[in-house]
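S.K.: Following this message is one structure expressed as structure tokens.
The values are calculated or read from the model by the stated rules, or taken from the named source; none is laboratory data. None of the values given here were measured: they were computed from a predicted structure. As a convention, Cβ positions derive from the backbone with ideal geometry for all residues, glycine included, and neighbour counts pool all protein chains shown. Surface areas here come from the heavy atoms of the whole protein model, side chains and all, with no ligands, DNA or RNA. Shrake-Rupley method; radii C 1.70, N 1.55, O 1.52, S 1.80 Å.
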Amino acid sequence: MISYRSGGENKIRLLGRRMFMISAAKAVVVVGILGRLISLQINESKKYKTLSDKNRFREWKFAPPRGTIKDFFGKEIASNKQVYQLHVIPENTENINGLFFRLKTILNLSDKDIFRLRRKIASQKPWDPIIVSDNLTWSEFSRINLFLHELQGVEPIVSVARVYHENSASHVIGYVSKISKQDLKNKNYLTNMNAAGMRVGKTGLENKLDSEVIGSIGYKRYEVNAFGKRIKEISIDQGTAGKAFNTTLDLEVQSYAQKLLEGRAGSVCVMDIYRGDIIAMVSSPNFDPNKFVHGIEKDDWKELINHRDKPLVNKAISGLYPPGSTIKTIVAISALENDVINPKKVHQCTGFIELYGEKFHCWKKKGHGFVNLRTAIKESCDVYFYEVARRLGVDRLSETAKKFGLGKEVLEGFIEEKKGVVPNTKWKKKVIGKNWYLGETLHSGIGQGYWQSTPMQLCLMTAQIANGGYQIKPRIISTKEESFEGLEDFIKDKETFKEDLSILDSVVSKLKYKKLFRNQENIHFVKEALFGATNEPRGTSYRSRLTDKKFIFAGKTGTSQVRRFTEFQREKEIKNEDLPYEQRDHALFIAFAPYHDPRYAISIVIEHGGTGSGSAAPIAKKIIKKLMEKHPIRELQRTKGESV
């Protein structure tokens, strides 16, 4: 009996232990479940509410209007216009194939268009809209609305798109187009802004100012049912229009310069010599930037890229040309600043010099005779400047050229701008891997050889000579004039106290101007020689002079060769116009005006235009006259800040 009772008690204890373990396990499970429920209900409620809302709500992003860009006088260069668009939301249509067939007949869509739309649908979420057309005509928009009851998932939209008012500014303003993968990679601010119909700046100011003119994205929020169908609109955020900008450009001067370049390839740059304001930056031929807004047609694109004169290239800041005889201004300043020559030094030009068996010719076959530095600048004597360059050396010339703005970017933020080349001994060794030869120094003395400059660099160089040798910072966006307080007094006093420049030091310091000279008399000497080049007989631009005192300007012609002139061609005296177009010389001209109270600098390059005196200087003459006629209006606009 005892043994049986003992065995029963052991079983009871075993069952009790098992029941306890089961109960403990149940308790653990219940506590775990309760804990998880508490966690889901309290700690992670926001997370799951957000996920729930994502299923319940849909957001539709739309692009805001870009900020307007105006000229100095408030004329719109780039703004926005109303456009009609057609959007389709794939999840809102039961038969996408049937919808495309219907739209194909209404809008005359091609099979290629349909294929593109299908690829777009496959690459995005079903509730994200696709744009069937972003620039419908009123007739097409009306037809869509007429058959709207038959078109499930279709939404006709009234939106805005970029519009450009002046093709002459196409290069400086640039253009907008659809966002590419490269844009998303390079522009971080686009990460959450890829809305349907969004456009971004590709070149020019549109690209430079893109992050500010693009504005902030707009949203429409809808509640949807379990099938993804829209029930009602919850909220709408219109977004914020982009920031508006005023430029320093004068659209009238810009357009006038463009007309003067019609039928030619080249560039015109005009700059305020004290403020650095870009008045005009023209590149010819131009193009219609409006064609890029909604996607350029294949034929239009082919025409642009195959055009002989490269209309898409902004020649003002991307075109690289040997500066030719325009560089003689810098050669003279460098030689005078380094005490290499005396302005009165006379040298005989017989039409050529010979160095180590090689002839270096002057443009004037029989030579200029005996000339001093002023006459050499005035008549552009190559032989004189061969001698100056030989004494000066390319390294000292290079240093002065860089100081006056050559060999570096002039404007900030223009991705298409090129630096050019200011050659010296180190540059050749590093880039070409060869030593520098004396003959190359002679070529450099007349702006040939390895020199590569943009028209904008030549304009800056001229401006800094014209203002007396002070460094300026070019700008194209009009900002407050705080840093130019006292400028007008400085301009007046600069002439009054030119014999004692120490009086102006405090004003110069206030204006943050840096002196580029050791002796300012050297700058004045070159300016006076440029006056002779334009306003005295035998001056290279004498035929393009203006006699009215308020229009008188001083300038320097230039002709840059694009190929080596053979002895045969020289003996036969073959004219530039008789050569094939691609072998003709480039024509250049730099100037400042008015001579007695300089305010503006100008540079002109005509590709394969022949001589600077024959092609470029006559254009400068007309532009300078227009500039000076508008000068009082510009000053009034500056002081009053009102539209004139």
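S.K.: Before we move on, is Arg308 closer than 19 Å to Tyr600 by Cα, open to solvent by 10 Å² or more (accessible area, probe 1.4 Å) and either in a loop (DSSP other than H, G, I, E, B) or of a type in the set (A, V, I, L, M, F, W, C) (or both)? Walk me through it before giving the result.
M.R.: Values: closer than 19 Å to Tyr600 by Cα: no; open to solvent by 10 Å² or more (accessible area, probe 1.4 Å): yes; either in a loop (DSSP other than H, G, I, E, B) or of a type in the set (A, V, I, L, M, F, W, C) (or both): yes.
Answer is no for this residue.
S.K.: Across segment 147-167, what is the number of residues that are part of a strand (DSSP E or B), open to solvent by 40 Å² or more (accessible area, probe 1.4 Å) and closer than 23 Å to Phe292 by Cβ?
M.R.: 2
S.K.: Moving to a separate point now. Which residue pairs have Cβ atoms under 7 Å apart, sit 6 or more places apart or on different chains, and have a first residue in segment 143-160 that is within 13 Å of Thr105 (Cβ to Cβ) and of a type outside the set (Ser, Thr, Tyr) and a second that is open to solvent by 30 Å² or more (accessible area, probe 1.4 Å) and not in a strand (DSSP E or B)?
M.R.: Glu150/Arg102; Leu151/Arg102
S.K.: Can you say whether Lys494 is in contact with a Leu (Cβ under 8 Å, 6 or more places away or on another chain), at pLDDT below 95 and more than 30 Å from Ser283 (Cβ to Cβ), as far as the supplied structure shows?
M.R.: yes
S.K.: From the list Ile131, Ile144, Ile121, which residue is aliphatic (A, V, I, L, M), under 20 Å from Ile96 (Cβ atoms), open to solvent by 30 Å² or more (accessible area, probe 1.4 Å) and not in a strand (DSSP E or B)?
M.R.: The conditions single out Ile121.
S.K.: Let me ask something else. If you go through segment 537-551 one residue at a time, how many are closer than 25 Å to His631 by Cβ, in contact (Cβ under 8 Å) with a residue 24 or more places away in the chain and either small (Gly, Ala, Ser) or assigned to a loop (DSSP other than H, G, I, E, B) (or both)?
M.R.: Adding up the residues that qualify gives 8.
S.K.: Would you check if Lys302 is part of a helix (DSSP H, G or I) and under 20 Å from Ser255 (Cα atoms)?
M.R.: It is false that Lys302 is part of a helix (DSSP H, G or I) and under 20 Å from Ser255 (Cα atoms).
S.K.: Condition (residue is more than 24 Å from Gly266 (Cα to Cα) and touching a residue at least 60 places away in the same chain (Cβ under 8 Å)) applied to segment 403-422: is it met by at least one residue?
M.R.: Checking segment 403-422: at least one residue is more than 24 Å from Gly266 (Cα to Cα) and touching a residue at least 60 places away in the same chain (Cβ under 8 Å).
S.K.: Take the conditions touching a residue at least 40 places away in the same chain (Cβ under 8 Å) and open to solvent by less than 10 Å² (accessible area, probe 1.4 Å) and apply them to Lys315. Does it pass?
M.R.: Yes: the conditions hold for Lys315.
S.K.: Filter segment 318-327 for residues that are in a loop (DSSP other than H, G, I, E, B) and out of contact with any Leu (no Cβ under 7 Å at 6 or more places or on another chain); which is surrounded by the fewest Cβ atoms within 10 Å (Cβ to Cβ)? Working first, answer last.
M.R.: Initially, segment 318-327 is screened for residues in a loop (DSSP other than H, G, I, E, B), giving 319-320, 322-323.
With out of contact with any Leu (no Cβ under 7 Å at 6 or more places or on another chain) added as a condition, the list becomes 319-320, 322.
Details: Gly319: 23, Leu320: 16, Pro322: 25.
Per the stated criteria, the residue is Leu320.
S.K.: Quick check, is Ile273 farther than 30 Å from Met193 by Cβ and of a type outside the set (Asp, Glu)?
M.R.: yes
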